[in-house]
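Visitor: Once you've had a glance at the structure underneath, I'll fire off some questions.
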């Protein structure tokens, strides 16, 4: 369906240049990965779907500090899939990330978090995820374990939104052994998003990567996330976390993962929320300047 054109209502997608030779404040890049997923998925189709969803939104924001017009945003296209060439994907992400202050990787399944952290050189990790991602092997269920085994300190890892009945006691024990700080979904009932984010940031340190695994959300708002459960985080809570991540100078990279755009609802609510996560991070970043 063709969208209406109004010169007084610029679309968010228009903010993103494709001139990757120049430095940008915020850079988005597609990382199409799906082959190591524990459940069948076409998550490699999602980066383009998120880009299309950016057409649905404007550039306006209620926070008076936000001005998306004063920052430079760029879309670097897609890198090689880490499914077939992880080292190549990391090298490409590293080159692209060197041209920006905030790199946002559009997944792809959660396996891309390994590449994103390695490419940005982050020394701390905050995940918004229903799951620990500490499994053995190489899959979308293992990036946090792989990163810790590759040298990331577990004491600099914070996992927000870990859900009941979506994990095992063995992996909970592994998280404790690694020194990971776990903030379960239930803690959001008694503490504000701002309080939880401040605590997470104080633990993760000064070079932080944020993993937005969209299955942290309630299944009603992310029907295209196979592992999402009822009772997860609200869309508004996730957007608040995204804005706070953008405002935080220590956050140098992020990813958006675990959406199978081919399984989305007719109203595309999952990819629309993912595009809003991109925009909230960019809006938050604009308050840094």
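All of the numbers you see were taken from the coordinates with simple rules; none came from a lab. Just so we're clear, the structure is a prediction, and the values are computed from it rather than from any experiment. Backbone-built Cβ (ideal geometry, glycine too); neighbour counts: all protein chains shown.
Visitor: Say we look at region 21-35 and pick out the residues that are surrounded by fewer than 19 Cβ atoms within 10 Å (Cβ to Cβ) and in contact with a helix residue (DSSP H, G or I) (Cβ under 7 Å, 6 or more places away or on another chain); which of these is nearest to residue 101 (Cα to Cα)? Spell out how you get there, then give the answer.
Guide: Applying the first criterion (surrounded by fewer than 19 Cβ atoms within 10 Å (Cβ to Cβ)) to region 21-35 yields 21-23, 25, 35.
Still in the running and in contact with a helix residue (DSSP H, G or I) (Cβ under 7 Å, 6 or more places away or on another chain): 25, 35.
On the way: 25: 5, 35: 30 Å.
Within region 21-35, the match that is nearest to residue 101 (Cα to Cα) is 25.
Visitor: Being assigned to a helix (DSSP H, G or I), free of Cβ contacts under 8 Å to residues at least 12 places away in the same chain and within 22 Å of residue 164 (Cβ to Cβ): is that true of residue 236 here?
Guide: Numbers: assigned to a helix (DSSP H, G or I): yes; free of Cβ contacts under 8 Å to residues at least 12 places away in the same chain: yes; within 22 Å of residue 164 (Cβ to Cβ): yes.
It is true that residue 236 is assigned to a helix (DSSP H, G or I), free of Cβ contacts under 8 Å to residues at least 12 places away in the same chain and within 22 Å of residue 164 (Cβ to Cβ).
Visitor: Got a sec? Which of 222, 271 is touching a helix residue (DSSP H, G or I) at 6+ places or on another chain (Cβ under 9 Å), surrounded by 24 or more Cβ atoms within 10 Å (Cβ to Cβ) and in a helix (DSSP H, G or I)?
Guide: Working: 222 fails: in a helix (DSSP H, G or I).
Of the residues listed, the single one that is touching a helix residue (DSSP H, G or I) at 6+ places or on another chain (Cβ under 9 Å), surrounded by 24 or more Cβ atoms within 10 Å (Cβ to Cβ) and in a helix (DSSP H, G or I) is 271.
Visitor: Among residues belonging to region 1-20 that are farther than 18 Å from residue 105 by Cα and touching a strand residue (DSSP E or B) at 6+ places or on another chain (Cβ under 8 Å), point out the one that is surrounded by the fewest Cβ atoms within 10 Å (Cβ to Cβ). Please lay out each step first, then the result.
Guide: So the first thing to find is which residues in region 1-20 are farther than 18 Å from residue 105 by Cα, and the list is 1-11, 14.
Filter again for touching a strand residue (DSSP E or B) at 6+ places or on another chain (Cβ under 8 Å), leaving 3, 9-11.
Working: 3: 8, 9: 10, 10: 14, 11: 15.
Among them, the one singled out is 3.
Visitor: Any residue that is assigned to a helix (DSSP H, G or I), in contact (Cβ under 8 Å) with a residue 40 or more places away in the chain and out of contact with any helix residue (DSSP H, G or I) (no Cβ under 7 Å at 6 or more places or on another chain) - is there at least one of those in region 96-104?
Guide: Within region 96-104, the subset assigned to a helix (DSSP H, G or I) is 96-97.
Remaining after also requiring in contact (Cβ under 8 Å) with a residue 40 or more places away in the chain: 96-97.
Checking the rest, the ones that are also out of contact with any helix residue (DSSP H, G or I) (no Cβ under 7 Å at 6 or more places or on another chain) come to 96.
Scanning region 96-104 turns up at least one residue that is assigned to a helix (DSSP H, G or I), in contact (Cβ under 8 Å) with a residue 40 or more places away in the chain and out of contact with any helix residue (DSSP H, G or I) (no Cβ under 7 Å at 6 or more places or on another chain).
Visitor: Which residues, taken from region 126-157, are surrounded by 19 or more Cβ atoms within 10 Å (Cβ to Cβ), within 17 Å of residue 108 (Cβ to Cβ) and either in contact with a helix residue (DSSP H, G or I) (Cβ under 7 Å, 6 or more places away or on another chain) or touching a residue at least 40 places away in the same chain (Cβ under 8 Å) (or both)?
Guide: 127, 128, 129, 131, 133, 140, 141, 143, 146, 147
Visitor: Take the conditions surrounded by 19 or more Cβ atoms within 10 Å (Cβ to Cβ), within 17 Å of the chain's Cα centre (by Cα), in a helix (DSSP H, G or I) and in contact (Cβ under 8 Å) with a residue 12 or more places away in the chain and apply them to residue 49. Does it pass? I'd like the intermediate steps shown before the answer.
Guide: Values: surrounded by 19 or more Cβ atoms within 10 Å (Cβ to Cβ): yes; within 17 Å of the chain's Cα centre (by Cα): yes; in a helix (DSSP H, G or I): yes; in contact (Cβ under 8 Å) with a residue 12 or more places away in the chain: yes.
In short, yes.
Visitor: Moving on to the next point. Would you be able to say whether some residue in region 247-263 is part of a helix (DSSP H, G or I) and either without any contact (Cβ under 8 Å) to a residue 12 or more places away in the chain or under 18 Å from residue 16 (Cα atoms) (or both)?
Guide: Looking only at region 247-263, we keep the residues that are part of a helix (DSSP H, G or I), and these are 247, 261-263.
Then drop every residue that is not either without any contact (Cβ under 8 Å) to a residue 12 or more places away in the chain or under 18 Å from residue 16 (Cα atoms) (or both), which leaves none.
Checked region 247-263: no residue is part of a helix (DSSP H, G or I) and either without any contact (Cβ under 8 Å) to a residue 12 or more places away in the chain or under 18 Å from residue 16 (Cα atoms) (or both).
Visitor: Give 84, 77 a once-over and let me know the one that is within 17 Å of the chain's Cα centre (by Cα) and either surrounded by fewer than 18 Cβ atoms within 10 Å (Cβ to Cβ) or on the phi > 0 side of the Ramachandran plot (or both). First the steps, then the outcome.
Guide: Numbers: 84 fails: within 17 Å of the chain's Cα centre (by Cα).
That would be 77, the only listed residue that is within 17 Å of the chain's Cα centre (by Cα) and either surrounded by fewer than 18 Cβ atoms within 10 Å (Cβ to Cβ) or on the phi > 0 side of the Ramachandran plot (or both).
Visitor: I've got another one for you. Quick one: count up the residues across region 1-46 that are part of a helix (DSSP H, G or I) and farther than 24 Å from residue 266 by Cα. First the steps, then the outcome.
Guide: Quick first cut of region 1-46, residues part of a helix (DSSP H, G or I) only: 12-15, 43-46.
After this cut, where a residue has to be farther than 24 Å from residue 266 by Cα as well, the list is 14-15.
The number of residues fulfilling the criteria is 2.
Visitor: Among (1) surrounded by fewer than 24 Cβ atoms within 10 Å (Cβ to Cβ); (2) part of a helix (DSSP H, G or I); (3) in contact (Cβ under 8 Å) with a residue 40 or more places away in the chain, where does residue 116 come up short?
Guide: Just one mismatch for residue 116, condition (1).
Visitor: Still on this structure: Could you please find all residues in region 204-219 being more than 25 Å from residue 165 (Cβ to Cβ) and part of a loop (DSSP other than H, G, I, E, B)?
Guide: Matches in region 204-219: 205, 206, 207.
Visitor: Can you pull out the residues in region 59-74 that are out of contact with any strand residue (DSSP E or B) (no Cβ under 6 Å at 6 or more places or on another chain), surrounded by 14 or more Cβ atoms within 10 Å (Cβ to Cβ) and without any contact (Cβ under 8 Å) to a residue 60 or more places away in the chain? Break it down stepwise before answering.
Guide: So in region 59-74, the residues out of contact with any strand residue (DSSP E or B) (no Cβ under 6 Å at 6 or more places or on another chain) come out as 59-70.
From what is left, the residues that are surrounded by 14 or more Cβ atoms within 10 Å (Cβ to Cβ) are 59, 61, 66-68.
Selection gives 59 alone.
Visitor: Also, I was wondering about something else. With the requirement that a residue be outside any helix (DSSP H, G or I), without any contact (Cβ under 8 Å) to a residue 60 or more places away in the chain and buried (at least 17 other Cβ atoms within 10 Å of the Cβ), what does region 158-181 give you?
Guide: Passing the criteria: 158, 159, 162, 167, 180, 181.
Visitor: Residue by residue through region 227-245, note down the ones that are more than 19 Å from residue 106 (Cα to Cα) and buried (at least 19 other Cβ atoms within 10 Å of the Cβ).
Guide: Of region 227-245, the ones more than 19 Å from residue 106 (Cα to Cα) are 229-234, 236-237.
232, 233, 237, listed by residue number.
Visitor: Given the criterion farther than 16 Å from residue 251 by Cβ and touching a helix residue (DSSP H, G or I) at 6+ places or on another chain (Cβ under 7 Å), identify the matching residue among 181, 169. Don't jump to the end; show me each part of the working.
Guide: Details: 169 fails: touching a helix residue (DSSP H, G or I) at 6+ places or on another chain (Cβ under 7 Å).
Checking each option against the conditions leaves just 181.
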